[in-house]
Amino acid sequence: MTGWLLAAPDDRAGTCRIFLRLLALIYLCAFASLAVQIDGLVGPEGILPYGELLEGAWRQEGWKALLLLPGVFWIDASGTVLTATAIAGALCSLAWLLGRFERAAAVLCFALYLSLFHAGQIFLSFQWDTLLLEAGFLAIFLTFGASRLLLLLFEWLLFRFRFMSGVAKLASGDPSWRDLSVLDHYFETQPLPHLGSWYAHHLPHWLHSFGTGFTLFTELVVPFLIFLPRPWRITAALITIFMQLLILATSNHAFVNLLVIVLCLLLLDDRFLRRWLRWLPARPVPVASGPLHGLLLSLSGLLIVVVSISAYVTFVGGPEPPRPLARTILVAQSWGLGNIYHIFPTMQTTRQELVIEGSSDGRNWQPYEFRYKPGDPMRRPAFVVPHHPRLDWLMWFVPTQDPRQQYWFNRFLARLRTGSQPVLGLLEHNPFPDRPPRFLRVTAWDYRFTTPAERARTGAWWVRHRLGRFPYVPPRRP
C-alpha cells in the first residue's frame, strides 16, 4: 500500500509541470502586492509595527516564540527589510516561473511568504494566505517528483477549502443562506466590489436564488467528486473552475480564485489537457522514490490530515483536543499547515462605510480618500485582482466594532495624526501634505448601489446616507 501511494502517477506529468509554473505566478502576484504596502502596514512607522510584536512574544514565550512566529524578521524588522523580503520573494517566484532554480525557489518562496504572513498580523489573516502557504509547502515536494500520496494531499487541501466553507455557511444559522437570498445582498455588501458587482446586483431575484443554490452545491456536493474515478474528478474540476470564473467576474478576492483554479488543474490529466494544449510537454516529472523523500512526505501528510481534522472538529463545536495535540495544532498552523476554512459563513444585508476626515481648524474638513474601497459615489468600482489592498479590505470589518478591529483602526488613526509617510502612502492621496491635521473625525454612512435609472440620471455608482459619528452608531451585524 505504501509503495502504491509513493509511486508516481502515470497520467499527470504535464499537468504537474503546468501547476508548478502557475503556482509560481500566483506567488509572484502575492509578493508584488505586499511589496508596495507592507512597510505602511507593519513597518516601524506602520499601523502595527511587527518589531513590537516580536519583542513582546520573546518576553512572553522565550525561544518558543521562534516556533510560533517563524520567519526572517527576528534579525531585523525594519521597513527596508520587510519590503526587501517581499521583493526577494517576487524575484524567486519569477525565477521559478521561468524554470530556473525551481527547487530552491520553491523553498525560498514558502519561507519568505511564511515570514511575511506572520509579519502582516491581522492584515495577512485571510484564508487565501494560508491556502497559498500549504499549497506552496506541498509544491516543494512536487519539485522533487510526483506521487499518488502527494496528489492526494493536494486534493485534500482543495476539498477542505471548498467543503469546509459550505458547511460553515449552513452551520452559521444565517437565514439568507437557507432561503437562498444571499446574492440579493452579496454583490453590494462584499468587502471590495468592482464594476461587475454593480451589474450582477441588478440581475433578477430568481437568478440570484439559483446562484446561491449553485454555490452551496459546488461547496457541499462537488468536493466529494474529487476523490472519485477520473470522469467524476474532471467534472469536479470543471464545475469548480466555472464557479471561480463567476466569482472573478463579480468580486475582488485577491488571488484566491486564481489559486483554486490552479489547484483544480491537478484534478485533470495530460490526456484531457492535450485536447486544448497541443504543446503540453511530454517530459515527465521526475520520480522521487528515495526513502528520505517518502518518509518526509508521509510524515507531513499525516501531520496535515490529523491537524486539519482535529482543528475542524473543535471549530464546529466538538471537544477540545488533548493538550499535546492542541499544541501541535498551534505550531503546525503557525507554519501554514492544516488550517480550516470558512469563506463568507454569514452575509451582510447593508453596507456601512467609514469616512475619515481631517481638519486644521475644526471647521473645514477634508476626507482621506482610499485607493479602492467605496468612497466618492461617482468613482467607478475598480477591478484589482490579483492585487490585495490589505488596508482597504480591513476597513470593511471595522463597522462591526469588534475589539480586534478597533485596535488596529485606532492605531491607524494615530498614524494619520502624526503624518506617517508609509501609512499615508497606502491612501489615494494625502489632503494635508504640509502638516498633519489637528483634528480627525470618522463618520459612518449607509451605502447602496444606484439603480440603473439613478445611474443614468446622475452618473453615480453609489447612493449614500449619513448614519452619524463613528463609533456612536449601531455596529454592523453580522
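Of the helices (runs of 4 or more DSSP H) that lie entirely inside the range 158-261, not one contains 1 or more residues that are more than 27 Å from TYR27 (Cα to Cα), within 21 Å of the chain's Cα centre (by Cα) and small (Gly, Ala, Ser). Being surrounded by fewer than 19 Cβ atoms within 10 Å (Cβ to Cβ) and in contact (Cβ under 8 Å) with a residue 60 or more places away in the chain is a property that LEU124 lacks. Looking at this structure, is PRO386 within 30 Å of HIS202 (Cα to Cα), in contact with a Cys (Cβ under 6 Å, 6 or more places away or on another chain) and buried (at least 17 other Cβ atoms within 10 Å of the Cβ)? Answer is yes for this residue.
Take the conditions (1) crowded, with 20+ Cβ neighbours inside 10 Å; (2) touching a residue at least 24 places away in the same chain (Cβ under 8 Å); PHE409 misses just one of them, which is (2). Suppose we filter the range 361-375 for residues that are charged (D, E, K, R) and within 27 Å of ASN257 (Cβ to Cβ); how many remain? Number of matching residues: 2. Checking every residue in the range 203-217 against the condition of being closer than 24 Å to GLY336 by Cβ and in contact (Cβ under 8 Å) with a residue 12 or more places away in the chain gives zero matches.
Only a single criterion out of (1) in contact with a Pro (Cβ under 7 Å, 6 or more places away or on another chain); (2) hydroxyl-bearing (Ser, Thr, Tyr); (3) within 17 Å of GLY40 (Cα to Cα) is not satisfied by THR400, namely (3).
Summed over the range 420-453, residues that are assigned to a helix (DSSP H, G or I) and surrounded by fewer than 16 Cβ atoms within 10 Å (Cβ to Cβ) total 3.
Results for (1) assigned to a helix (DSSP H, G or I); (2) farther than 20 Å from LEU108 by Cβ, shown as yes or no for each residue.
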{"site": "ASP11", "(1), (2)": "no, yes"}
{"site": "ARG17", "(1), (2)": "yes, no"}
{"site": "LEU20", "(1), (2)": "yes, no"}
{"site": "LEU28", "(1), (2)": "yes, no"}
{"site": "SER33", "(1), (2)": "yes, no"}
{"site": "GLU45", "(1), (2)": "no, yes"}
{"site": "LEU48", "(1), (2)": "no, yes"}
{"site": "GLU52", "(1), (2)": "yes, yes"}
{"site": "TRP58", "(1), (2)": "yes, yes"}
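Here is the figure for the range 171-183: residues that are closer than 22 Å to LEU248 by Cβ and in contact (Cβ under 8 Å) with a residue 60 or more places away in the chain total 2. When you scan the range 317-328, do you find a residue that is closer than 26 Å to LEU151 by Cβ and part of a helix (DSSP H, G or I), even just one? Yes, that holds for at least one residue. Among the residues of the range 218-236, those identified as within 27 Å of ASP184 (Cα to Cα) and in contact (Cβ under 8 Å) with a residue 12 or more places away in the chain are THR218, GLU219, LEU220, VAL222, PRO223, ALA236. Quick check on the range 208-245: of everything there that is among the aliphatic types (A, V, I, L, M) and farther than 23 Å from ILE18 by Cα, which residue is surrounded by the fewest Cβ atoms within 10 Å (Cβ to Cβ)? Selected residue: VAL221.
Each value in this text was obtained by applying a stated rule to the coordinates, not by laboratory testing. What you see is a predicted model; the values in this text were computed from it and never measured. Here Cβ is always computed from backbone atoms with ideal geometry, including for glycine, and neighbour counts include all displayed protein chains.
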